[in-house]
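To keep things clear, I will list the structure first and then write my remarks on it.
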Ligand SMILES: Nc1ncnc2c1ncn2[C@@H]1O[C@H](COP(=O)(O)OP(=O)(O)O)[C@@H](O)[C@H]1O
Ligand SMILES: [Mg+2]
């Protein structure tokens, strides 16, 4: 048997075993996509779903794999391969793509497209989206056998998952909490202008754990501070819960921060002359709907440590007090800037576990780190490079803090 025949049979077998085991369409889709990407390798994969909120029906990326940022991408239902496959419910495969195949897919400009495979995703009889796979690894053509495997993937999804609202919903993008469009930040020092953020487009989804990853100096903290209202952008649009905060006055910004954001920094910034519980009570008294400070300490597993002063606690314990302090005011979103950078491995894991539990309970968390291992915990990893987003990747199966090692 040829290699291509073997990988085709292997992928068939894996898909046949995995998809019936998935608990819903979303999981079936993610698991199947993992198998396809692992066995055949593609440079890019995009899952599209129809967005009917506007006047015109368009398809938008629900998630994607690969080094590009599709936050603002959309695709009309007519005139290109994605729309055709979605409406026609039949897969298409192309090797040696010319512009007639990629027409209307503006996000592909700048990418040399060698081959494309597009398969419909269906729940029962309803088409709920489609998957676009771009550029076979190594440049090899997609074979007829491989095309058949991918086709079968779409068919398996529709066989095992019935048409119902829950499944349809699960295909849709989670509700968006914050949006950033073309965010730029310049620092001016005399005649010298430094462009620190050079046009950032990204959404923050409600309830997600987002990691901002990148080398030191690439602009992660600057972006986080703009999200948190500690700093403002030089230009661009920032919205939170549908409200525009692009050009906020100081008063509006203070209110935004106070009502919505909990911060955690590398340094714990606890008041040294106050006990743990006093550090929390101090914040609780400044906020209307605050959490009971004792309950907040329980959430980070520091019950019984309330009367300790910061100097009587380990770094990990102090950082957990600072997490509790961020939780006290019941924020919409927690922003954490390298929260474990000053900690050893074991206490880092304790701190990450405390954060992981809050995400499981529904909290939205945006965390800056340069630790690739920690990024495995995120639902989405936003990689930054000198002031721009270089890629956005979904983690279909986020790792548990306890499973990390470095
Ligand atoms: N107040 C400032 N004035 C001038 N340059 C700044 C200022 N703050 C940050 N920078 C520069 O912006 C770049 C990005 O900084 P930062 O967002 O802190 O990066 P990261 O968090 O990714 O390490 C760095 O090169 C830094 O020197
Ligand atoms: Mg930083």
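The values are calculated or read from the model by the stated rules, or taken from the named source; none is laboratory data. Since this is a predicted model, take the numbers as computed values, not measurements. All Cβ positions, glycine included, derive from the backbone under ideal geometry; neighbour counts span all protein chains shown.
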Subset tally (residues that are surrounded by 15 or more Cβ atoms within 10 Å (Cβ to Cβ), out of contact with any helix residue (DSSP H, G or I) (no Cβ under 9 Å at 6 or more places or on another chain) and not in a loop (DSSP other than H, G, I, E, B)) for the range 233-258: 5
All but one of (1) within 28 Å of residue 204 (Cα to Cα); (2) free of Cβ contacts under 8 Å to residues at least 60 places away in the same chain hold for residue 265; state the number of the condition that does not hold. (2)
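Give the number of residues within the range 196-226 that are assigned to a strand (DSSP E or B) and either within 9 Å of ligand 1 (Cβ to nearest atom) or in contact with a helix residue (DSSP H, G or I) (Cβ under 8 Å, 6 or more places away or on another chain) (or both). Please lay out each step first, then the result.
Step one: of the range 196-226, the residues assigned to a strand (DSSP E or B) are 196-205, 209-213.
Cutting the leftovers down to either within 9 Å of ligand 1 (Cβ to nearest atom) or in contact with a helix residue (DSSP H, G or I) (Cβ under 8 Å, 6 or more places away or on another chain) (or both) gives us 196-197, 200, 204, 209, 211-213.
Residues flagged as assigned to a strand (DSSP E or B) and either within 9 Å of ligand 1 (Cβ to nearest atom) or in contact with a helix residue (DSSP H, G or I) (Cβ under 8 Å, 6 or more places away or on another chain) (or both) within the range 196-226 amount to 8.
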If we keep just the residues of the range 166-195 that are modelled with pLDDT of 90 or more and more than 16 Å from ligand 1 (Cβ to nearest atom), which is surrounded by the most Cβ atoms within 10 Å (Cβ to Cβ)? 178
In this structure, is residue 46 assigned to a helix (DSSP H, G or I), out of contact with any helix residue (DSSP H, G or I) (no Cβ under 7 Å at 6 or more places or on another chain), outside the structural domain of residue 384 (by TED's automatic domain parsing) and closer than 28 Å to residue 162 by Cβ? no
Is it true that some residue in the range 286-302 is within 16 Å of ligand 1 (Cβ to nearest atom) and either surrounded by fewer than 21 Cβ atoms within 10 Å (Cβ to Cβ) or at negative phi (or both)? no
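Can you name every one of the helices (runs of 4 or more DSSP H) wholly within the range 314-406 that holds 2 or more residues which are under 19 Å from residue 225 (Cα atoms) and more than 16 Å from ligand 2 (Cβ to nearest atom)? Give the derivation first.
Values: elements: 315-328, 345-360, 372-375.
Once the helices (runs of 4 or more DSSP H) in the range 314-406 are filtered for at least 2 residues that are under 19 Å from residue 225 (Cα atoms) and more than 16 Å from ligand 2 (Cβ to nearest atom), what remains is 315-328.
Against the condition surrounded by fewer than 16 Cβ atoms within 10 Å (Cβ to Cβ) and assigned by TED's automatic domain parsing to the domain that holds residue 391, how does residue 225 come out, does it pass?
Taking the combined requirement at face value, the residue does not satisfy it.
Looking at 364, 347, which is the one that is touching a helix residue (DSSP H, G or I) at 6+ places or on another chain (Cβ under 8 Å) and away from ligand 1 (no atom under 16 Å from the Cβ)? Steps first, please.
Values: 364 fails: touching a helix residue (DSSP H, G or I) at 6+ places or on another chain (Cβ under 8 Å).
After ruling out the rest, the residue left standing is 347.
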Subset tally (residues that are over 18 Å from residue 340 (Cα atoms) and away from ligand 2 (no atom under 15 Å from the Cβ)) for the range 201-232: 10
